[in-house]
Amino acid sequence: MPERRTVALVTLGCARNEVDSEELAGRLEADGWDLVEDAAQADVAVVNTCGFVEAAKKDSVDALLEANDLKGHSRTQAVVAVGCMAERYGKELAEALPEADGVLGFDDYADISDRLQTILNGGIHASHTPRDRRKLLPISPAERQESAAEVALPGHGPVDLPDGLAPASGPRAPLRRRLDGSPVASVKLASGCDRRCSFCAIPSFRGSFISRRPSDVLNETRWLAEQGVKEIMLVSENNTSYGKDLGDIRLLESLLPELAEVDGIERVRVSYLQPAEMRPGLIDVLTSTPKIAPYFDLSFQHSAPDVLRAMRRFGDTDRFLELLDTIRGKAPQAGVRSNFIVGFPGETEADLAELERFLNGARLDAIGVFGYSDEEGTEAATYGNKLDEDVVAERLARVSRLAEELVSQRAEERVGETVHVLVESMDDEGVYGRGAHQAPETDGQVLLTSGEGLSVGRIVEAKVVGTEGVDLVAEPLAGSLGCSEEAGR
């Protein structure tokens with residue numbers, strides 16, 4: 001019997017990429033590949049790249065080069081690039097990085113097994129020529145669903161598999177294979193974006209906004225619950241637009257309670273929300289529905305009106321603070337995080353002071369700060385009033401220091417609060433998890449003072465007794481083991 005082919009998936013970037021990797025894993029496993037964690041044990045190492053900003057692209061190239069170094073010293077025979085960077089640059093990346101044996105775009109995902117086998121056999125699969133994926137779907141959102149079957153949409157794979165590949169019980173499996181045993185999993189709600197922020201290239205290689213059908217989202221969530229998942233995080237480039245191409249911009253408000261009722265799911269989290277698109281009804285659902293985390297991942301980016309207009313965005317400091325007051329008026333313990341760009345072309349000292357005024361008043365739980373840099377293909381790259389690199393670096397350091405101080409202060413405000421912690425890891429160093437106000441990877445964590453009676457995947461009620469920077473220290477409350485009624489609160 002011939003030895004089975006092995007493949008390792010190395011994932012960089014955001015949670016959306018993680019979902020895409022698990023779809024690729026599902027396709028490969030269904031076609032007879034064995035999945036391994038260690039690239040050195042794989043015939044083919046597939047690197048799911050990120051193409052968002054310069055630092056992420058560098059990390060992707062480094063990962064490809066690291067995998068290439070395994071050739072000749074391990075089982076690894078081929079290294080293949082997929083993901084956003086591969087889609088965005090195609091042939092250009094292949095020519096600049098000959099160490100990659102293949103550069104595959106989104107259109108190759110449906111035939112990923114054949115593509116990898118061709119490369120493994122020494123054949124060559126021509127890298128694609130990048131194109132503006134916004135042009136693949138109709139301009140009108142209402143007409144997009146009819147065309148969706150003709151466009152590659154990573155993470156939108158069919159929910160059913162052929163007979164024999166579905167689990168023995170419960171819902172039919174999605175075209176997905178989990179790559180870890182975490183009690184948390186992301187579920188793709190939609191793909192693409194219709195916004196035209198002047199600094200962002202994502203729509204050009206991820207395409208126009210298109211929603212997944214609610215039934216697919218629900219069935220995938222049921223399947224994940226069967227795999228032991230306790231918390232799902234809904235991801236897309238813009239969750240607040242969900243449903244606009246399905247004829248109901250308020251579809252998320254009706255879908256969330258249905259997801260919360262899935263047996264086994266204890267917490268539902270929504271990420272990637274646009275402040276300009278927040279609706280009173282959505283705020284109500286996010287702050288009042290059992291098992292829905294009152295969590296607001298709001299993409300503010302800045303708060304000075306002139307900078308926001310140059311970014312092709314909307315709002316200002318006072319309107320953003322009013323939004324936060326509305327949210328906290330309904331859920332005082334709600335978690336809020338955001339990212340900001342400093343040093344944007346034309347940003348003045350007064351603009352920066354306005355951003356600092358917002359940050360001081362916003363009481364955010366987590367803050368990401370990035371210094372502006374040109375992204376090719378974006379409107380902002382053509383702007384003429386660029387700031388010197390040293391000015392951008394100074395402003396980045398200044399706002400980053402402020403952000404670090406403010407999130408530590410916000411954590412200290414939570415001392416004395418009761419939090420519902422999903423236990424995610426237990427080892428000799430301690431028991432760690434996250435409260436409803438903390439998303440995976442980005443927002444800090446909770447160190448529990450005792451692990452007695454706990455296990456990974458359990459939700460425990462605990463009292464915050466201290467802080468370590470943005471992280472919390474909490475003491476489990478007696479009788480709280482297995483609590484789930486208010487897991488999302």
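The values are calculated or read from the model by the stated rules, or taken from the named source; none is laboratory data. As the structure is a computational prediction, the values presented were derived from the model and not from experiment. Cβ placement follows ideal geometry from the backbone for every residue including glycine, while neighbour counts extend to all protein chains displayed. Ligands, DNA and RNA are excluded from the accessible area calculation, which covers all protein heavy atoms including side chains. Shrake-Rupley method; radii C 1.70, N 1.55, O 1.52, S 1.80 Å.
Tell me, yes or no, whether the range 56-66 has at least one residue that is more than 19 Å from residue 178 (Cβ to Cβ), touching a Lys or Arg at 6+ places or on another chain (Cβ under 7 Å) and not β-branched (Val, Ile, Thr). Scanning the range 56-66, I find no residue that is more than 19 Å from residue 178 (Cβ to Cβ), touching a Lys or Arg at 6+ places or on another chain (Cβ under 7 Å) and not β-branched (Val, Ile, Thr), so the answer is no. Just to be sure before I move on: is residue 21 within 23 Å of residue 207 (Cα to Cα), of a type in the set (Ser, Thr, Tyr) and either assigned to a loop (DSSP other than H, G, I, E, B) or touching a Gly at 6+ places or on another chain (Cβ under 9 Å) (or both) in the structure I sent? Against the criterion (within 23 Å of residue 207 (Cα to Cα), of a type in the set (Ser, Thr, Tyr) and either assigned to a loop (DSSP other than H, G, I, E, B) or touching a Gly at 6+ places or on another chain (Cβ under 9 Å) (or both)), residue 21 qualifies. Checking 368, 346 one by one, the residue that is over 25 Å from residue 408 (Cα atoms) and touching a residue at least 40 places away in the same chain (Cβ under 8 Å) is 346 and no other. Only one of the numbered conditions (1) open to solvent by less than 30 Å² (accessible area, probe 1.4 Å); (2) out of contact with any Lys or Arg (no Cβ under 7 Å at 6 or more places or on another chain); (3) among the small types (Gly, Ala, Ser); (4) at negative phi is violated by residue 400, and that is (1).
Test residue 15 against the stated conditions and say whether it is of a type in the set (Gly, Ala, Ser), surrounded by fewer than 17 Cβ atoms within 10 Å (Cβ to Cβ) and over 18 Å from residue 101 (Cβ atoms). Considered against the rule, which asks whether it is of a type in the set (Gly, Ala, Ser), surrounded by fewer than 17 Cβ atoms within 10 Å (Cβ to Cβ) and over 18 Å from residue 101 (Cβ atoms), residue 15 comes out as no. In the set 405, 461, 376, only one residue is part of a loop (DSSP other than H, G, I, E, B) and either exposed (fewer than 14 other Cβ atoms within 10 Å of the Cβ) or within 27 Å of the chain's Cα centre (by Cα) (or both); that residue is 376. Annotation: of all residues in the range 97-141 being part of a helix (DSSP H, G or I) and of a type in the set (Gly, Ala, Ser), the one that is nearest to residue 79 (Cα to Cα) is 113. Could you say whether any residue in the range 393-406 is without any contact (Cβ under 8 Å) to a residue 40 or more places away in the chain and of a type in the set (S, T, N, Q)? Within the range 393-406 (the criterion being without any contact (Cβ under 8 Å) to a residue 40 or more places away in the chain and of a type in the set (S, T, N, Q)), the answer is yes, since at least one residue qualifies.
Out of 262, 229, one residue alone is free of Cβ contacts under 8 Å to residues at least 60 places away in the same chain, buried (at least 20 other Cβ atoms within 10 Å of the Cβ) and out of contact with any helix residue (DSSP H, G or I) (no Cβ under 7 Å at 6 or more places or on another chain). It is 229. Within the range 312-349, the set of residues being open to solvent by less than 10 Å² (accessible area, probe 1.4 Å) and of a type in the set (Ser, Thr, Tyr) comprises 317, 338.
Scanning the range 27-74 for residues that are touching a strand residue (DSSP E or B) at 6+ places or on another chain (Cβ under 9 Å) and hydroxyl-bearing (Ser, Thr, Tyr) yields 49, 60. Quick one: would you say residue 218 is under 16 Å from the mean Cα position of the chain (by Cα) and either under 20 Å from residue 291 (Cβ atoms) or surrounded by fewer than 19 Cβ atoms within 10 Å (Cβ to Cβ) (or both)? Answer is no for this residue.
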